[in-house]
Structures are given as structure tokens and as C-alpha cells.
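A.B. asks: This is the structure I want to talk about, given as C-alpha cells.
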Amino acid sequence: MQKGTLLVVSGPSGAGKGTLCNELLARRENAKFSVSATTRAPRPGEIDGVHYYFVTNERFDEMIEQGEFLEYACVFGMNRYGTPRKAVEERLAQGIDVILDIDVQGALNVKKAMPEAVMLFLLPPSFEVLRKRLVGRGTETDEQIQKRLATAKSEIALASEYDYVIINDQLETALRQVEDVLDAESCRPSRWTQWLKQFREDAEQ
């Protein structure tokens, strides 16, 4: 069986990661979204177990102690996020592509834990477009927007640590590029280890 690809998607808040990932999952039946655990409160419309696992700080600490996270991080100095390890590993073993939409800090930790992860950094066409997108959401104060913009600058500085950089100007174009990445990565010999082994064994009979 072909092993699944772990696609780690990062980028500044407002780059369009959520929209892109949702569209990608709608197009690819073999791809699943990895649900993260977080200590932040749910936003309007978010469902526990679907968008995030909303947990208390105490439960988050327990999960860390028990080694249940592939990665975890504190974002904006306020809330913590973590990727449950077991679910990711099981899906990859089943040949399912797993999509992680996480911040830069968490993404780099995933790369250390799983070097085979495919790292993708999503950017808006310009910093001004990023600013307009954040303001246009109307969900945050001016102070919060400025904090996100400051964080974006430090995140963008780490884009060179990723395998791919995609500019999200036209969503359809960006989606096609991400799909091209997944299709190409699926052809790596490391994804076909078991199949190649079986092929060689059959050839020797």
C-alpha cells in the first residue's frame, strides 16, 4: 500500500489557509484534515471535534505529559495548539494524505519529528493585501490586527525553511499548484516502500 503524504500548510493569518485547505479536501477524497487540540474558546460556528478539540489548560498539560502530541505550541502568547500524534500516524499508514494547517512554530516541530513531512508556505500577493484581509474579516480589534501583522513579518522570514512557497492571489491557481505538489510527492519511492518490497518478492518467485 502507498503511504500517505503529510502536508503541513503554514502562512500568516489572512493568507487564506483555511479556505484553501477546505477546498483541497473537497476535491481529494483521499485527503483528511488533522483536527488540532486548542485551549482557546470556540469562535461562532465552530464545532468541537470538527474544527478543533477544545480542551482546558489542565487537559492540554495531561496530553503533553502523556506524549499525545506530534507538536504543540503557544500562539500569540495566549492560546495553545497541538496536533494529536496517533491519528496522524494511523491515517498515513492507511495511505491517506493528512493536511495540517498550523503555525510556523508548530510546523517546524513537525518537520523535526517527521522529516518526511511536506512543508508548504502560503502567502498573499502582498503585505497590503494581507492587511486588508485582516481588517475585512471584522472579527478583531485594531490592536489584535497589529499583533497579527507583526507576527506575520517574523513568520514570513522563516518561509525558506519550507519545501514549497505558493502565492494565494487566485484561489483556483493556488489550489492547482498544491494539488501538483501532492501528486508529485505521491510518486516518491519512500511512499511505495511496502509495494516495492512486495513487487521484488513476487519477481523472485
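The values are calculated or read from the model by the stated rules, or taken from the named source; none is laboratory data. Bear in mind that the values here come from a model prediction, so they are computed numbers and not experimental data. Cβ sites come from the backbone with ideal geometry, for glycine too, and all protein chains shown count toward neighbours. Surface areas here come from the heavy atoms of the whole protein model, side chains and all, with no ligands, DNA or RNA. Shrake-Rupley method; radii C 1.70, N 1.55, O 1.52, S 1.80 Å.
A.B. asks: Any chance you could look up the accessible area of Cys74 with a 1.4 Å probe, heavy atoms only, rounded to 10 Å²?
C.D. replies: 60 Å²
A.B. asks: Under the rule a/c < 1.5 gives rounded, and otherwise a/b versus b/c splits prolate from oblate, where does the range 147-194 land using the Cα gyration tensor?
C.D. replies: Working: a/c = 4.05, a/b = 1.73, b/c = 2.34.
Verdict is oblate for the range 147-194.
A.B. asks: Between Glu128 and Glu161, take the C-beta separation as r, use R0 = 22 Å, and let me know the FRET efficiency to the nearest 0.05. Present the calculation step by step, with values, prior to reporting the outcome.
C.D. replies: Working: r = 25 Å, r/R0 = 1.12.
It comes out at approximately 0.35.
A.B. asks: Once you have a ≥ b ≥ c as the square roots of the Cα gyration tensor eigenvalues for the range 118-205, tell me rounded if a/c is under 1.5, and otherwise prolate or oblate according to whether a/b is larger than b/c.
C.D. replies: prolate
A.B. asks: Quote the accessible area belonging to Met63 in square angstrom, nearest 10, computed with a 1.4 Å probe and with ligands, DNA and RNA left uncounted.
C.D. replies: Rounded to the nearest 10, the figure is 20 Å².
A.B. asks: Could you compute how much accessible surface Ile167 exposes when probed at 1.4 Å, giving the result in Å² to the nearest 10?
C.D. replies: The accessible area of Ile167 comes to roughly 80 Å².
A.B. asks: How large is the helix-only mean residue ellipticity at 222 nm for the chain, computed as the sum of -39500 (n - 2.57) over DSSP H runs with n ≥ 4, divided by its residue count, in deg cm²/dmol to the nearest 500?
C.D. replies: Result for the chain, helices only: -14000 deg cm²/dmol.
A.B. asks: Give the aspartates and glutamates reachable from Lys132 as a straight Cα distance under 20 Å; neighbours fewer than 8 places away on the same chain don't count.
C.D. replies: Output for Lys132: Glu140, Asp142, Glu143, Glu155, Asp169.
A.B. asks: Dipole of the chain (Lys/Arg Cβ +1, Asp/Glu Cβ -1, origin at the Cα centre): which of Ile96, Leu175, Ile64 lies farthest to the positive side?
C.D. replies: The residue sitting most towards the positive pole is Leu175.
A.B. asks: Roughly speaking, what is the stretch gain from Lys147 to Ala26, that is 0.36 nm per residue apart minus the C-alpha to C-alpha distance, in nm to one decimal? Could you put the intermediate results ahead of the total?
C.D. replies: Details: separation 121, 0.36 × 121 = 43.56 nm, distance 3.20 nm.
So the chain would gain 40.4 nm between Lys147 and Ala26.
A.B. asks: Could you give the dipole magnitude of the chain about its Cα centre, charging the beta-carbon of Lys and Arg +1 and that of Asp and Glu -1, in debye to the nearest 20?
C.D. replies: Charge dipole, the chain, about its Cα centre: 320 debye, nearest 20.
A.B. asks: Which lysines have a Cα lying under 25 Å from the Cα of Lys111, excluding residues fewer than 8 positions away in the same chain?
C.D. replies: Output for Lys111: Lys3, Lys17, Lys32, Lys86, Lys153.
A.B. asks: Straight-line reach from Lys112: which aspartates and glutamates have a Cα under 13 Å away, not including same-chain ones fewer than 8 places off?
C.D. replies: List returned: Glu71, Glu161.
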